[in-house]
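Here is the structure we will look at, set down as structure tokens.
Here, each number is a calculation from the coordinates, and none is a lab measurement. As the structure is a computational prediction, the values presented were derived from the model and not from experiment. Don't worry about glycine lacking a Cβ; one is built from the backbone with ideal geometry, like all the others, and counts go over all protein chains shown.
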Amino acid sequence: MSDRYGELVQSPLGRKVAKNLGLPMPIKLDRYELGQPVVRGELALGLSVGDDNSVSDALADILQVHQAKIACSEPERFALPSSSIKTRLEDENARFKVVIFDASNIKSSEQLQQLYQFFQPLARRIKSSGRVIVIGRPECCTGTDIGFALAQRALLGFVKSIAKEFKQGITAQVLYVKKGAESELAVALEFFMSAKSAYVSAQAVTIVDAYQSATPSELTAFALNKSLLDKKILVTGASRGIGEAIAQVLAREGAKVYCLDVPANLAQLQKVAGRIGGYALPLDITADDAAEQIVRACGVLDGVVHNAGITRDKTLAKMSQEQWDLVMQINLAAIVRINDYLLENNGLSDTARIVCVSSISGIAGNLGQTNYATSKAGVIGLTQATAKLFAGTARTINAVAPGFIETKMTSQIPFAIREAGRRMNSMSQGGEPVDVAETIAWLLSPRSGGINGNIIRVCGQSLLGA
Ligand code: NAD
């Protein structure tokens, strides 16, 4: 649905009025277009002082492919040709689209000063829809070294603050990569450098060793913008909204998409499936034999996206048991049943990826949504527990937690609450279904084997539960 206010402030007059009245001024976010390069401008790279070069070496390998123009804090220490960032900043017209800081060597509160030294001169030099990525080490690496642990945790506070300060559609994240797993960094780094991550900000992603890396043919497909070539993927709730966008993006990436939705939406479902060359599967996921029917129709799946979901909002005092039960059945119990059946009946390939769609309501809670927030928090618990089960296998499971996304679901929210939900984030606007879809496509990639049990918010850094 359209954001009229957002469109109004794109015009010179609307912008002037909004500025004078101190109103939110959402900018048009850069979004991915087919064939667009991952790095869309000059890149600034900072290296923390220390003797561990494993992250910076991995960065050199990744960035080499993207042929970015790089200005580095220590060009002599970096394995790719780069200019000195100090010299580069003397040109007052120098602006950066991507800023990366390798903080893996920061091991004490004193050393955190390096964040200030690197980022302060850059604070006004980042282009709109720019990308800030800080790379650190996760808890499993810092252990009981208190200085190391506090410094690495501190990165998140820094990143969340600049995500709020920099505005202009600039996103910021921390990628915590386990020592020895640097080769798994590429796919996450590429997602966060690109326009595909337009509405994902202030996130911490943990990257560990992949049990199995992508095969040469999967890597070739990725290079040809077909990251999911021939993968059989089921998307529930695919006839409209976020599910429809997921189906479209997965098909663009070469997947064979099985589009599932309730039989009542068959016509719309067939339209979506027809448009993307996928298969329509009219089915209610709460049916007793839903999982069996899925296996019968799809065979062995390489991916499942549990997207179908409903709201039945009422304060608890006014909520009927039917409203509670229906939400719990569709949003949570059906996912458990389908996953269990697929796992017990060889319905998932050895390298399968599952992505669940949770919600920031499941993280922050929400007035009038005890049933919905309980179900979506349950989805997070399910994801994290299943991730433990998948550790030591080539399968992964992750969840996305959308914030305010412009769909039929959110168009039904009363105007004042809708407008508040839409603006209460660092982007001052709602996200598009495609923002959730791109995030899911990244998590489904054969190259994402090192990402398991993560909960990624797609919410433009919503203030809720932040
Ligand atoms: P939507 O209502 O537009 O689409 C949901 C789809 O799920 C519909 O096509 C519906 O028919 C289908 N569905 C519902 N019950 C089903 C069942 N029993 N079996 C099969 N299909 C069923 O909603 P949306 O906004 O696209 O949301 C998609 C997902 O994203 C949901 O899980 C929702 O909770 C979550 N989410 C949405 C937002 C948002 O702002 N739109 C925010 C957070 C989370």
Report summary line: Rounded to the nearest 10, the angle in degrees between the Cα long axis of helix 241-252 and the longest principal axis of the Cα atoms of the chain comes to 70 degrees
Query raised in the report: List the lysines whose alpha-carbon lies under 20 Å from that of Lys271, not counting same-chain residues fewer than 8 positions away?
Result: Lys232, Lys256, Lys408
Query raised in the report: When Lys and Arg each count +1 and Asp and Glu each count -1, what net charge do the other residues less than 11 Å away from Pro121, Cβ to Cβ, add up to?
Result: +3
Query raised in the report: For Ala163, what is the net charge nearby, where nearby means another residue's Cβ is under 12 Å from its Cβ and Lys, Arg count +1, Asp, Glu -1?
Result: +4
Report summary line: Assertion target for Leu389, Leu283, ordered by fewest C-beta neighbours within 10 angstrom first, is Leu389, Leu283
Report summary line: From fewest to most C-beta neighbours within 10 Å, the residues Cys72, Cys298, Cys140, Cys459 line up as Cys140, Cys298, Cys72, Cys459
Query raised in the report: Taking the stretch 83-151, which GluC sites (Glu not before Pro) meet the DSSP loop condition and have no more than 16 other C-beta atoms within 10 Å?
Result: Glu90, Glu92
Query raised in the report: Using a Förster distance of 45 Å, how high is the FRET efficiency between Asn93 and Glu139, based on the Cβ-Cβ distance and rounded to 0.05?
Result: 0.60
Query raised in the report: So what's the net charge close to Ser358: Lys and Arg +1, Asp and Glu -1, counting the other residues with Cβ under 10 Å from its Cβ?
Result: +2
Requested in this report: Quote the charge dipole size of the chain about the Cα centre in Debye, to the nearest 20; the model charges only the Cβ of Lys and Arg (+1) and of Asp and Glu (-1).
Outcome: 1460 debye
Query raised in the report: lysines within cross-link reach of Lys86: Cα-Cα under 26 Å, excluding same-chain residues under 8 positions apart?
Result: Lys69, Lys97, Lys107, Lys127, Lys160, Lys164, Lys167
Query - Convex hull volume per residue for the chain, taking Cα atoms only, in Å³ - result: 152 Å³
